1. For the stretch A:298-410, state the semi-axes of the equivalent ellipsoid (square roots of 5 times the eigenvalues of the alpha-carbon gyration tensor), sorted largest first and rounded to whole angstrom.
2. Taking K and R as +1 and D and E as -1, what net charge do the other residues with C-beta under 13 Å from the C-beta of A:D128 add up to?
3. What do you get for Rg/Rh over the stretch A:144-223 if you use C-alpha atoms and the Kirkwood form of Rh?
4. Given 37 °C and 0.692 mPa s, how large is the Stokes-Einstein diffusion coefficient of the stretch A:53-183 in µm²/s, with Rh as the Kirkwood radius over Cα pairs?
5. Just to be sure I follow the rule: in the stretch A:239-372, considering lysines 8 or more places apart or on different chains, how many pairs have Cα atoms under 18 Å apart?
6. Quantify, in whole percent, the carbon and sulfur part of the accessible surface of the stretch A:316-362 (1.4 Å probe; protein heavy atoms only).
7. Give me the net charge for the shell around A:D203: Cβ to Cβ below 15 angstrom, other residues only, Lys and Arg +1, Asp and Glu -1.
8. With the radius of gyration and the Kirkwood radius both derived from the Cα set of chain A, what is their ratio Rg to Rh?
Amino acid sequence: MSQTRVRFAPSPTGYLHIGGARTALFNYLLARKEQGTFILRIEDTDVQRSTQQSVDAILDAMAWLGLSCDEGPFYQSERFDLYQRKIQQLLDTGKAYKCYCTPEELDAKREAARQRGDKPCYDGTCRDLPPRADDGTPYVVRFKSQQQGRTSFVDRIKGRITFDNSELDDMIIQRSDGTPTYNFVVVVDDAEMGLTLVLRGDDHVNNTPRQIQIYTALGYPVPEFAHVPMILGADKKRLSKRHGATSVMAYRDMGYLPEALVNYLVRLGWSYGDEEIFSMDELVEKFSLDNVGRSAGVFNPEKLLWLNEHYIKTGDARRLGELLRFYLARIDIVPAEDIDLALVVKSLQDRSRTMVEMAQKAAFYFTEPVVHDAKARAKFITAEQEEIFAVLHEELSGATFDSDGVEAAFKRVLERTGLKFGKVGQPTRVALSGGTSAPGIYEIMLALGRERCLQRIKAARELCANG
RNA sequence: GCGCCCAUCGUCUAGCCUGGCCUAGGACACCGCCCUUUCACGGCGGCGACAGGGGUUCGAAUCCCCUUGGGCGUACCA
């Protein structure tokens with residue numbers, strides 16, 4: 001195990017979204033590649049907005065994607081004592097101070113600054129106040145930031161980034177209710193958990209200089225940073241619900257395979273030459289921050305769909321069969337015991353872009369009696385086809401039910417009736433599946449098995465007779 | 001407004017660091033042809049980009065500057 005320690009630190013105020021999933025994935029990949037440690041930390045300092053439900057949703061989504069952590073989940077809400085001590089330490093060393101300005105005053109000052117066209121920074125009213133006995137007046141604790149000079153760091157993705165310290169105001173590290181704020185706890189935790197690299201979203205670059213100052217004030221070593229670009233919608237705006245689903249689990253519900261989402265997400269912002277398809281194992285081997293791009297990427301649902309199609313096409317039929325059960329259940333279908341789901345999957349793998357689609361297309365296998373599409377029936381189940389069904393029934397009765405066997409039986413039907421493939425194939429398809437658009441007829445026969453085939457052909461034949 | 005970041009086909013990207021191999025490669029989507037028992041799959045081909053302007057250089061997608069465009073931040077959210 002190497003020294004590399006990274007983390008994913010979501011705040012449980014909703015489900016795991018696409019952007020968060022990619023950040024988690026990159027961290028996970030790095031940890032695995034370097035045989036380091038992947039830590040999961042739940043950032044729930046905002047007690048109001050955090051819910052256990054969200055925590056569970058995030059955990060579920062990570063498990064589904066296959067992103068297992070080595071340590072955690074840790075909950076910041078359980079570490080308030082630690083933060084408290086660190087804040088006191090800062091207060092004691094004069095690196096933080098109590099601020100008695102009210103939210104209303106702050107808002108007014110901010111607004112005034114905006115009016116003047118100035119940067120709306122805290123003006124430092126309480127910065128140099130003499131120590132004051134605690135008389136119950138509410139206060140927040142502010143970090144006394146460096147005002148001279150510059151703070152700069154080398155981002156592993158973006159290169160050197162420099163901020164003028166005059167840009168940084170004294171931010172609040174403890175609210176008036178005594179709870180610590182994000183920018184403070186993130187530093188304490190990242191340091192206490194021994195992170196060697198902080199890999200997170202682009203939206204945090206602006207927080208980095210102030211965080212670096214806190215590391216220094218607290219005497220912690222500063223880790224490396226890597227800021228991954230945002231994911232945008234087609235309109236180049238930050239990805240949100242109006243761009244479609246942003247929840248990872250929504251993709252599972254829509255019939256996406258986790259490996260497809262993982263593959264898509266990793267390629268959005270990272271590349272490895274011209275390669276497009278990567279298994280998790282390959283990613284662990286090939287992933288590197290060196291090939292992560294610096295610019296934001298647009299989420300492209302169609303490419304994700306293509307990848308999903310690919311993984312369905314090449315996936316193990318038995319595994320997909322088990323997954324299919326889940327999607328079948330969602331449309332109230334409980335597969336019959338005697339039908340091998342792997343055969344069903346094999347017949348549909350090249351025809352389904354999502355598992356939801358596969359379940360829909362698979363429905364006919366499990367529906368008794370078969371519901372015939374009206375147009376298809378009018379055209380292919382008429383008096384004209386009665387003989388076909390009769391002969392087919394006979395041949396299938398004696399056929400061996402393997403792929404050579406059913407094919408041979410079908411060929412004999414062609415010989416006996418003197419008809420061409422198409423003339424017999426379509427009626428057969430309709431009789432067996434109910435429609436004209438379905439898997440190959442041999443595949444259907446094998447999945448259905450002899451009894452069901454004979455039953456369905458017989459039913460079709462009866463329909464012919466009845467007009 | 002101010003600050004930080006970014007900029008190659010519609011989209012994801014290769015190439016950029018270490019200028020010439022780039023008449024800019026791959027993938028998705030789209031279009032066409034082929035294959036074909038339906039629907040699909042597949043195969044082949046096509047369309048399509050270095051944001052603009054200045055430099056530096058024998059030579060720039062690659063280096064520098066400006067402009068433009070976009071993203072992020074600017075909370076007692078994270």
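The values are calculated or read from the model by the stated rules, or taken from the named source; none is laboratory data. Worth saying up front: this structure is predicted, and the values here are computed from it rather than measured. All Cβ positions, glycine included, derive from the backbone under ideal geometry; neighbour counts span all protein chains shown. Note: accessible area is taken over every heavy atom of the protein model, side chains too, but ligands, DNA and RNA are not part of it. Shrake-Rupley method; radii C 1.70, N 1.55, O 1.52, S 1.80 Å.
1. Working through the eigenvalues yields semi-axes of 31, 18, 15 Å.
2. Neighbourhood net charge equals +3.
3. Numbers: Rg = 12.6 Å, Rh = 13.3 Å.
Rg/Rh: 0.95.
4. Details: Rh = 18.0 Å.
Estimated via Stokes-Einstein, D reaches 183 µm²/s.
5. Close lysine pairs under the 18 Å cut-off: 4.
6. Ligands and nucleic acids excluded, carbon and sulfur give 47 percent.
7. Net of charged neighbours comes to +4.
8. My calculation of the ratio gives 1.18.
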